[in-house]
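Data block below; observations after.
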Amino acid sequence: MMERAKNLPAPPHRPSFTNRGLPRCPGAIVAALVLGVLLALPAHTQVPVSAGYRIGPKDLIEIKVFEVPELNIERRVSEEGTVNLPLIGDVPVQGLTDVELADRLKAMLEAKLLQRASVAVQVREFRSKPISVLGAVKQPGNLALSGRWTLLEALSAAGGLTDDHGDRIYVLRRAENGLSDQIFIDVDNLMVRADPDANVPIFANDIINVPPKVEVTVFCLGQVAHPGAVTFQSNERITLLTAIARAGGLTDRASRTIQIKRRDREGRDEELEVSYRRIVSGKDSDLALQSGDVVIVKESFF
């Protein structure tokens, strides 16, 4: 989306052409005319950054009335959802988009002051619906969005990532109709590989969550070289084979049938039984382990 035009510079001086000085290429004339028309378009015909956003208290809005320079101002929306404008007074703005507010001001000015009004409105700071940055950042909290932001800019405004950050960043986006969507970004793609696709745009009311790495502990008991607790970081691959490897591997007397005891989400005990030989041979998939799982390797009697 394009940002709304601001104080367009005066067009350069164009010398008058005589018949002798006219360009011979008709295409050049057409291109110049089209460019002139585009530059002359009022700002409200261009797509603003805040398209679709509904104004709320504490937002900072910029208003431009091309026929009345006194109304080219910035105003902070009050807690009551109004702004006070010269020559007009208090105007309710809460719940309107920038285009709707521009249309309302245009109607008010044309009804009271002007024969024709050209009005442009842009939200400069989205404070009624700030973005939130949570988790493994140095300064978690709310950020007042101003203009066009990207994920990297939002993380920088929150002080950057802490050393214990995980390997994913989640962006939760909530729409005006109540629907929500979540995307995840690989930290290495964003911070190491500088993948431009990972540096997604950030909008008002977005929630950015950077989960920290946490320790995950499983317990290996029985016929392993080093029975006891085995600790992983949450961003590591935690499977049965990796846990057994961390415990030093199986002993010579180990059974090839392994039991895993865990608790489900309702707190009920659950027991799984897998074949170590089939997993190693690739016939069965390597079982993913959860924090608190107990891996029991019994002694083989054969």
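Overview of values
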{"item": "Any hit, region 149-159, residues being β-branched (Val, Ile, Thr), under 30 Å from Glu215 (Cβ atoms) and either assigned by TED's automatic domain parsing to the domain that holds Asp98 or modelled with pLDDT of 90 or more (or both)", "result": "no"}
{"item": "In region 128-146, the residues that are out of contact with any Ser or Thr (no Cβ under 9 Å at 6 or more places or on another chain) and modelled with pLDDT under 90", "result": "Ser128, Lys129, Pro130, Ile131, Ala144, Leu145, Ser146"}
{"item": "Residues satisfying the stated conditions in region 108-122, i.e. outside any strand (DSSP E or B) and either of a type outside the set (Lys, Arg) or modelled with pLDDT under 90 (or both)", "result": "Met108, Leu109, Glu110, Ala111, Lys112, Leu113, Leu114, Gln115, Ala117, Ser118"}
{"item": "Checking Val93 against (1) touching a residue at least 40 places away in the same chain (Cβ under 8 Å); (2) within 21 Å of Arg127 (Cβ to Cβ); (3) surrounded by 19 or more Cβ atoms within 10 Å (Cβ to Cβ); (4) touching a Leu at 6+ places or on another chain (Cβ under 8 Å), the condition it does not meet", "result": "(1)"}
{"item": "Out of Arg262, Arg268, sole residue that is in the same structural domain as Cys220 (by TED's automatic domain parsing) and surrounded by 13 or more Cβ atoms within 10 Å (Cβ to Cβ)", "result": "Arg262"}
{"item": "Residue pairs meeting the criteria (Cβ under 8 Å; at least 6 apart or on separate chains; first touching a residue at least 24 places away in the same chain (Cβ under 8 Å) and under 19 Å from Gly228 (Cα atoms), in region 242-270; second of a type in the set (A, V, I, L, M, F, W, C) and assigned to a loop (DSSP other than H, G, I, E, B))", "result": "Ala243/Leu289; Ala247/Ala225; Gly248/Ala225; Gly249/Ala225; Leu250/Ala225; Thr251/Ala225; Ile260/Leu287; Ile260/Leu289"}
{"item": "Criterion violated by Gly141 - all others in (1) free of Cβ contacts under 8 Å to residues at least 24 places away in the same chain; (2) outside the structural domain of Pro57 (by TED's automatic domain parsing); (3) buried (at least 18 other Cβ atoms within 10 Å of the Cβ) satisfied", "result": "(3)"}
{"item": "Residues (more than 17 Å from Tyr53 (Cβ to Cβ) and modelled with pLDDT of 90 or more) located in region 68-77", "result": "Asn72, Ile73"}
{"item": "Helices (runs of 4 or more DSSP H) lying entirely in region 187-302 (those with 1 or more residues that are touching a His at 6+ places or on another chain (Cβ under 7 Å) and under 30 Å from Lys129 (Cα atoms))", "result": "187-191"}
{"item": "Residue ID - modelled with the lowest pLDDT, chosen from residues in region 81-107 that are within 20 Å of Ala204 (Cα to Cα) and charged (D, E, K, R)", "result": "Asp98"}
{"item": "Residues (within 12 Å of the chain's Cα centre (by Cα) and farther than 12 Å from Phe203 by Cα) located in region 135-152", "result": "Leu152"}
{"item": "Criterion (loosely packed, with under 15 Cβ neighbours inside 10 Å, modelled with pLDDT under 90 and outside the structural domain of Tyr53 (by TED's automatic domain parsing)) met by exactly one of Asp195, Asp164", "result": "Asp164"}
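The values are calculated or read from the model by the stated rules, or taken from the named source; none is laboratory data. None of these values were measured; they are calculated from a predicted model. Ideal geometry is used to build each Cβ from the backbone, glycine not excepted, and the neighbour counts take in all protein chains shown.
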